[in-house]
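What follows is calculated from the coordinates using simple rules that are stated; it is not laboratory data. None of these values were measured; they are calculated from a predicted model. Please note: Cβ atoms are built from the backbone with ideal geometry, for glycine as well, and neighbour counts cover all protein chains shown.
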Amino acid sequence: MSVLDFSPARRTAQIEQLTRPSLSYWQDAWIRLRKNVRAIISLYIIILLGIFTALGPVLWQVDPALQDLNQVSQPPSLPKTAILVGQYEPWKGIVIEDFPPEAIEYLEMVDAPMGLRTSDHPTTQRVRLIWNPVHGASGYNIYRNQRYPEDFNDLGLPLGGTFAGNEVSYEDRLSLESRSYYYSVVPTDGFDEYESFSVVEIIPRTSITLDEARSRGLLPEGKTIGEEVSLKFHPFGTDYLGRDIMARLMEGARVSLFIGIFAPLFYVLFGVIYGGFAGYFGGQIDALLMRFADFVVALPFLLFMILFKIAFGIGPGESGIVPMLIALVLLSWPSTARLVRGQVLKIREQGYIDAARLLGGRHHYLVLRHIIPNTIGVILVTLTFAVPFAIFTEAFLSFIGMGVAPPHPSWGSMCNEGVKTMLSHPHELIFPAVFISITVLAFNLLGDGLTEALDSRMRARE
Amino acid sequence: MIVYTLKRLLAGVITVWFIATATFIAMHQVPGDPLLNDKAVSAEIRKNLERRYGLDKPITHQYLIFLRNMLPPNPDFGISFTQQNRRVNDIIKDHFPVSAILGLLAIFFSAAGGVLFGALTAIYRNRLPDIVIMFLVILGISVPSFVFAALGQLLLVNVNSLMGYSLIPVAGWGSFTHMLMPSLVLGLGTMALLTRLMRTSMLDVVNEDYIKTARAKGLSPQRIFFKHQLRNAILPVITVLGPQIAVITTGGFIVELVFAIPGLGRYFVQAVQQLDYTVIMGTTVFYGAFLVFMVIVVDILYGFIDPRVRVQ
């Protein structure tokens with residue numbers, strides 16, 4: 001024992017020093033959120049969607065309302081080109097003079113025509129077939145199929161025929177597309193077909209006449225027949241009126257995201273004020289306010305959505321977004337109000353509120369400095385989950401034709417149009433549906449991530 | 001218990017009054033003339049029509065008549081504006097059973113599926129079945145029901161063309177096979193929600209003391225799972241089921257539209273488009289009342305399922 005043991009310890013700087021940086025509530029939450037891979041991917045998806053909506057129309061300057069009846073329900077594709085052709089000119093065909101038009105004697109069997117080919121480059125304007133005459137044939141039938149014919153009964157669409165053994169050509173102009181066709185030629189005895197045929201695969205080149213290219217504004221200076229021009233590019237295809245789906249998705253994203261972000265913002269704000277007021281003052285005011293909230297909750301949601309939306313009216317030329325926003329706000333605030341009230345009731349009883357009040361804090365100081373900051377985590381989580389809910393509601397209403405009025409596209413109304421042609425042109429349904437799903441999914445996963453990052457109860461459980 | 005029930009019923013009646021009033025106000029805000037249709041109507045006929053539907057009286061008077069007619073035991077919602085020989089009560093009587101059967105089947109599918117899949121994910125926690133089911137759940141929550149409806153129809157078309165005959169009808173109403181796909185589609189969203197809830201609830205229950213006690217007593221794992229864990233974990237699912245009945249029955253009209261089912265929801269959409277005052281009022285009040293009392297019934301039933309609630 002020495003005197004030193006009884007003297008005060010020397011105060012050194014090291015003792016007081018923090019070994020780790022001090023983190024605020026939000027920094028802590030952000031670190032937690034950053035560890036959550038799904039939530040971060042969702043955040044990136046949401047940012048991408050924002051860019052798609054905001055910058056998309058600047059980069060992709062295609063009018064979403066422009067109809068092109070020549071390009072109806074085109075599936076998604078890479079940029080396409082077409083070959084310039086002149087006006088259609090009739091073709092006389094080929095008749096071989098020194099070959100008998102009718103068979104000299106009836107034969108039980110004849111050979112399949114040889115040398116089946118096209119006379120020049122096939123285009124979607126016309127395909128010209130020629131073949132060598134067959135000994136014993138008095139005519140030929142021509143068939144077209146979209147797959148390789150398995151046998152004699154699988155030749156496909158009968159196009160027509162020739163009625164002489166020396167007429168050995170046929171011209172097809174029947175709604176040709178740029179895809180592979182299997183043409184079959186069957187020799188006949190003038191009435192019945194012989195069971196022999198030959199097949200050729202032909203892929204016509206997409207063509208456009210000079211006049212049409214000029215009228216559709218696709219003709220650059222100095223291009224003539226035989227050269228290539230690039231057609232309008234539709235990366236996601238076109239819809240039933242030939243409108244570009246990508247441009248419509250961008251335009252529709254504005255509607256969906258506008259409703260999806262502003263409706264929750266408004267009703268969550270209203271709910272926070274309403275619930276905060278009820279919770280903070282308590283007693284009779286609380287009971288009365290909450291009873292009213294219960295009434296609003298009991299309204300059948302979708303029925304009243306439709307009723308209110310119609311009641312607020314759409315003038316001619318308006319899209320009906322604002323009535324939908326108002327209806328959504330009017331019907332959806334009670335859930336937030338209840339949640340915030342519950343939180344406020346809990347926080348009101350906390351020791352630090354009493355302490356603040358003891359130290360002379362006034363009402364507005366208590367509410368602004370202590371109560372609202374402590375509920376903001378819950379509010380943020382509600383907000384993220386409210387976004388998919390609002391997007392869903394807009395899509396539902398637009399789907400049943402009660403949402404955004406027609407010339408304005410929305411993802412829901414695009415789905416509605418797509419469902420009608422679902423079997424033949426699935427891309428018209430798939431793209432808007434995928435966009436809705438991805439957006440809703442991203443907000444849901446982000447909401448899950450935020451709940452985990454912000455909720456202290458979850459943190460205690462870890 | 002009786003006092004609690006009566007209190008809830010009284011609150012329910014007031015809620016229905018609120019719904020009726022809100023509907024009345026909202027409907028009279030809708031711009032347009034319900035008596036105007038494609039046929040030209042002379043002034044006298046119009047006057048007669050207005051008298052028939054009580055539109056000639058002041059609006060407060062109309063409201064009081066509407067409330068008086070709505071009173072039990074014989075609520076009367078009047079005659080439809082667009083189908084002038086049909087009473088709204090008959091429309092509800094004819095078409096509500098269709099929606100109710102559809103909704104009931106959907107609830108059955110979603111509850112059975114939710115409990116089953118939720119229990120499975122809890123058993124196989126963080127293993128392959130859990131991951132696969134939870135992925136499907138997220139998909140089920142994120143994809144709108146009209147897309148599921150369209151995909152369901154597509155599936156049926158393909159199945160039927162594969163079978164060579166119509167095994168399950170693609171649309172329409174009538175037999176039991178008609179009901180399968182629409183109710184499955186209708187219940188899918190709720191099923192996903194319930195699966196998620198059931199999973200959390202199961203994982204919460206595992207840590208409870210009574211499970212430890214049961215294990216310490218030496219009960220077999222099967223017995224612990226079915227008698228102790230599953231039974232207690234189902235309780236929160238039942239609580240959510242009440243409000244979900246509301247979501248399913250009112251949300252049904254999208255499915256009714258896609259599958260061409262003559263349910264009440266489709267009538268409501270039609271009535272709103274044609275501004276059929278009496279049908280709008282009738283269906284909304286009827287649905288509202290139905291939902292309010294469904295929630296009360298579920299809450300009271302909850303007391304029987306979980307005796308702990310009754311004590312409080």
Original post:
Mind checking the mean number of beta-carbon atoms from other chains within 10 Å of the Cβ atoms in B:135-147?
Top reply: 6
Subject >> Built amide H within the under 5 Å cut-off of A:Thr188, gap 5+ >> reply: A:Ser138, A:Gly139, A:Tyr140, A:Asn141, A:Tyr194
Original post:
In the range A:94-206, what % of DSSP beta bridges are antiparallel (nearest 5)?
Top reply: 95 percent
**OP:** Order by neighbour count: A:Met114, B:Met198, B:Met181, fewest other Cβ atoms within 10 Å first, most last.
**Re:** A:Met114, B:Met181, B:Met198
Original post:
How far is helix A:372-399 tilted off the main Cα axis of chain A, in degrees rounded to 10, range 0 to 90?
Top reply: 30 degrees
**OP:** Classify the range A:304-462 as rounded, prolate or oblate from the Cα gyration tensor: take a ≥ b ≥ c as the square roots of its eigenvalues, call it rounded if a/c is under 1.5, otherwise prolate when a/b beats b/c and oblate if not.
**Re:** oblate
Subject >> Charged-residue dipole, Cβ positions (Lys, Arg, Asp, Glu), chain A about Cα centre, Debye nearest 20 >> reply: 4420 debye
Subject >> Rounded to whole Hz, the Karplus (6.51, -1.76, 1.60) HN-Hα couplings of the range A:290-300, x for glycine and proline >> reply: 6, 4, 5, 4, 4, 4, 5, 4, 6, 5, x
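Taking Cα pairs under 8 Å and at least six residues apart, what relative contact order does chain A come out at, in percent? The partial results should precede the final answer.
Numbers: 760 pairs, mean separation 84.5, N = 462.
In percent, rounded to a whole number, it is 18.
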Subject >> Mean separation of Cα contacts under 8 Å (6+ apart) over length of chain B, as relative contact order % >> reply: 28 percent
**OP:** Kindly work out what percent of the DSSP beta bridges joining two residues of the protein assembly as shown are antiparallel, to the nearest 5.
**Re:** 90 percent
Subject >> Rounded tilt (10° steps) of B:43-53 against the dominant C-alpha axis of chain B >> reply: 40 degrees
Original post:
What average count of beta carbons from other chains do you get within 10 Å of the Cβ of residues in B:150-157?
Top reply: 3
Subject >> Spin-label pair B:Ser42/B:Tyr124, simplified geometry with 7 Å Cα→Cβ offset, distance in nm >> reply: 7.6 nm
**OP:** Take every Cα pair under 8 Å in the range A:94-206 that's 6+ residues apart, average their separations, divide by the length, and report that relative contact order as a whole percent.
**Re:** 34 percent
Subject >> Among A:Gly190, A:Ile94, A:Asn166 the positive-end extreme of the charge dipole of the range A:94-206 (Cβ point charges) >> reply: A:Ile94
Subject >> Alpha carbon centroid spacing (whole Å) that separates the range A:377-436 from the range B:182-253 >> reply: 31 Å
Subject >> Dipole in debye (nearest 20) - the protein assembly as shown, about Cα centre, beta carbon charges: Lys, Arg +1; Asp, Glu -1 >> reply: 5560 debye
**OP:** Specify the inter-centroid distance of the range A:247-285 and the range A:102-128, based on alpha-carbon positions, in whole Å.
**Re:** 72 Å
Subject >> Label point at B:Ile101 placed 7 Å out along Cα→Cβ; residues across the range B:172-208 whose backbone nitrogen lies under 20 Å >> reply: B:172-188
**OP:** Specify whether the C-alpha gyration tensor of the protein assembly as shown places it in the rounded, prolate or oblate class, a ≥ b ≥ c being the square roots of the eigenvalues: rounded for a/c under 1.5, otherwise prolate if a/b is larger than b/c and oblate if not.
**Re:** prolate
Original post:
For the range A:42-179, which semi-axes, largest first and in whole Å, follow from the square roots of 5 times the eigenvalues of its Cα gyration tensor?
Top reply: 50, 18, 11
**OP:** Provide, in order from the shortest bin, the percent of all Cα-Cα pairs of chain A in each 10 Å bin, continuing until the bin that contains the maximum pair distance.
**Re:** 4, 14, 17, 15, 13, 11, 9, 7, 5, 3, 2, 1, 0, 0, 0
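How large is the Kirkwood hydrodynamic radius of the range A:234-351, in angstrom, based on all distinct alpha carbon pairs?
Kirkwood radius, the range A:234-351: 16.6 Å.
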**OP:** Within the range B:195-211, find all residues whose amide N lies under 14 Å from a label point positioned 7 Å from the Cα of B:Arg231 along Cα-to-beta-carbon.
**Re:** B:210-211
Original post:
Does the range A:53-121 come out rounded, prolate or oblate, given a ≥ b ≥ c as the square roots of the eigenvalues of its C-alpha gyration tensor, rounded meaning a/c under 1.5 and, failing that, prolate meaning a/b above b/c?
Top reply: prolate
**OP:** Take the Cβ-Cβ distance between B:Gln270 and A:Glu195 as r, set R0 to 45 Å, and report the resulting FRET efficiency rounded to the nearest 0.05.
**Re:** 0.15
Subject >> Neighbouring partner chain Cβ atoms per residue of A:437-446, average, 10 Å criterion >> reply: 3
Original post:
For the range A:196-289, which GluC sites (Glu not before Pro) are in a loop by DSSP, counting at most 14 other Cβ atoms within 10 Å?
Top reply: A:Glu221, A:Glu227
Subject >> Anchor A:Lys232: lysines whose Cα lies under 23 Å away (excluding residues fewer than 8 positions away in-chain) >> reply: A:Lys80, A:Lys223
Subject >> Given charges at Cβ of Lys, Arg, Asp, Glu: the range A:33-170 dipole, positive-most of A:Pro122, A:Phe152, A:Ile142 >> reply: A:Pro122
**OP:** Mind ranking B:220-228, B:87-95 by how tightly packed they are, going by the mean number of other C-beta atoms within 10 angstrom, highest first?
**Re:** B:87-95, B:220-228
Original post:
Helix A:245-281 sits at what angle to the longest principal axis of chain A, using alpha carbons and giving 0 to 90 degrees rounded to 10?
Top reply: 20 degrees
Subject >> Among B:Thr200, B:Thr284, B:Thr213, residue whose mean-square fluctuation peaks in a GNM of chain B (springs only between Cα atoms under 10 Å) >> reply: B:Thr213
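R0 = 30 Å: FRET efficiency of B:Ile2 with B:Tyr210, Cβ-based, nearest 0.05?
Efficiency at R0 = 30 Å is approximately 0.45.
Where does the longest stretch of chain A lie that holds no chymotrypsin sites (Phe, Trp or Tyr not before Pro) found in a DSSP loop with 11 or fewer other Cβ atoms within 10 Å?
The longest uninterrupted stretch comes out as A:192-462.
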**OP:** Could you please state, rounded to a whole Å, how far the C-alpha centre of the range B:91-127 is from the C-alpha centre of the range A:22-86?
**Re:** 35 Å
Original post:
So who's got an amide H within less than 5 Å of the one on A:Thr118, skipping anything under 5 residues away but keeping other chains? H placed 1.01 Å off N, in plane.
Top reply: A:Ile130
**OP:** Please name whichever of B:Leu186, B:Pro169, B:Met27 sits farthest to the positive end of the charge dipole of chain B, dipole taken about the Cα centre and charges placed at Cβ: Lys and Arg +1, Asp and Glu -1.
**Re:** B:Leu186
Subject >> Sorted by Cβ density within 10 Å, fewest first, the residues A:Arg128, A:Arg243 >> reply: A:Arg128, A:Arg243
